[in-house]
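**Q** Below you'll find the structure I mean.
The values are calculated or read from the model by the stated rules, or taken from the named source; none is laboratory data. Treat the numbers as computed from the prediction; the structure is a model and nothing was measured. Here the Cβ positions follow ideal geometry from the backbone for every residue, glycine too, while neighbour counts run over all protein chains shown. Surface accessibility is based on the protein's heavy atoms, side chains included, excluding ligands, DNA and RNA. Shrake-Rupley method; radii C 1.70, N 1.55, O 1.52, S 1.80 Å.
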Amino acid sequence: ISAPASTEKPDPDPKYLAGAVIGDNVEAVLRRTVALAPGRSQSEVMNMLDGWLIRCMNDQRVHHSVRLEQPAANELQQHCVMELTFSQALLAHDFADLSYVLVLKAESNQVVMEMHKISYKYRGGDKVQKYAAEDMITDKVALNKRQDKMVLGYKKFRMKTIDFMDELQASLDAELSK
């Protein structure tokens, strides 16, 4: 006789669990690194990053985008507000406006991409609710105590934000591997 199968559905992928979002109650940060092919000059890499950022900000999901002052010769920063869709059906569209700062730092053999200053404006019915990422997607808030499952109310925010960061990473990786 075998034990009865668990009726509890596991979370779909461990990439959404502990460690996916860096930070604490001060700031939530998503970070990815993309390898650079050897032999590229700093100016070539920065030109590639600049062009990639411009194309990303022309995405139809983007409502607003502003290039921030360049703090260092090897760094670009872009503030963006875009639509983050959770689900869409014929008469229902569940989404939030995602606001974030994307930082790209070119290092000797990689580009470090960070998303920070993350916040959401969620439209639920007639109300618009504003949420900071620190209250929605950090491990402390969005995962259970064992950190092996996501808390239902935060799950869609955490998953879609992580998925979007993965999308950016794949796009940047494709750009830098040309």
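**Q** Tell me, which residue of the range 94-140 that is among the aromatic types (Phe, Trp, Tyr) and open to solvent by less than 20 Å² (accessible area, probe 1.4 Å) is nearest to the chain's Cα centre (by Cα)?
**A** Taking the range 94-140 as the starting set, the residues that turn out to be among the aromatic types (Phe, Trp, Tyr) are 95, 100, 120, 122, 131.
Still in the running and open to solvent by less than 20 Å² (accessible area, probe 1.4 Å): 100, 120.
Numbers: TYR100: 9, TYR120: 12 Å.
Going through the qualifying residues, I end up with TYR100.
**Q** Any idea which of SER108, SER177, SER119 is modelled with pLDDT of 95 or more, among the hydroxyl-bearing types (Ser, Thr, Tyr) and under 30 Å from LEU76 (Cβ atoms)? Step through it out loud before you land on a result.
**A** Details: SER108 fails: modelled with pLDDT of 95 or more; SER177 fails: modelled with pLDDT of 95 or more.
None of the other options fit; the residue is SER119.
**Q** Just the residues that are of a type in the set (Gly, Ala, Ser), free of Cβ contacts under 8 Å to residues at least 12 places away in the same chain and in a strand (DSSP E or B), please, taken from the range 104-131.
**A** Within the range 104-131, just GLY124 meets the criteria.
**Q** Would a scan of the range 76-97 turn up a residue that is assigned to a loop (DSSP other than H, G, I, E, B), over 14 Å from ALA28 (Cα atoms) and in contact with an Asp or Glu (Cβ under 7 Å, 6 or more places away or on another chain)? If you could, list the steps in order and put the result at the bottom.
**A** Taking the range 76-97 and keeping what is assigned to a loop (DSSP other than H, G, I, E, B), we get 89-92.
Pick out the ones that are also over 14 Å from ALA28 (Cα atoms) and you get 89-92.
If we keep only those that are in contact with an Asp or Glu (Cβ under 7 Å, 6 or more places away or on another chain) too, we end up with none.
Checked against the condition, which is being assigned to a loop (DSSP other than H, G, I, E, B), over 14 Å from ALA28 (Cα atoms) and in contact with an Asp or Glu (Cβ under 7 Å, 6 or more places away or on another chain), the range 76-97 yields no hits at all.
**Q** Select from the range 141-162 the residues that are out of contact with any strand residue (DSSP E or B) (no Cβ under 9 Å at 6 or more places or on another chain) and loosely packed, with under 15 Cβ neighbours inside 10 Å and list them in ascending order.
**A** Within the range 141-162, LYS145, ARG146, GLN147, ASP148, LEU152, GLY153 qualify.
**Q** List every residue pair whose Cβ atoms sit under 6 Å apart, with the two residues 6 or more apart in sequence or on different chains, where the first one lies in the range 145-162 and is in contact (Cβ under 8 Å) with a residue 24 or more places away in the chain and farther than 14 Å from TYR131 by Cβ and the second, anywhere, is open to solvent by less than 70 Å² (accessible area, probe 1.4 Å) and of a type in the set (Gly, Ala, Ser).
**A** GLN147/ALA18; MET150/ALA142; ILE162/ALA20
**Q** Being open to solvent by 60 Å² or more (accessible area, probe 1.4 Å) and assigned to a loop (DSSP other than H, G, I, E, B) is the filter; apply it to the range 55-67 and report the residue that is farthest from ALA96 (Cα to Cα).
**A** Top of the filtered list is ASN58.
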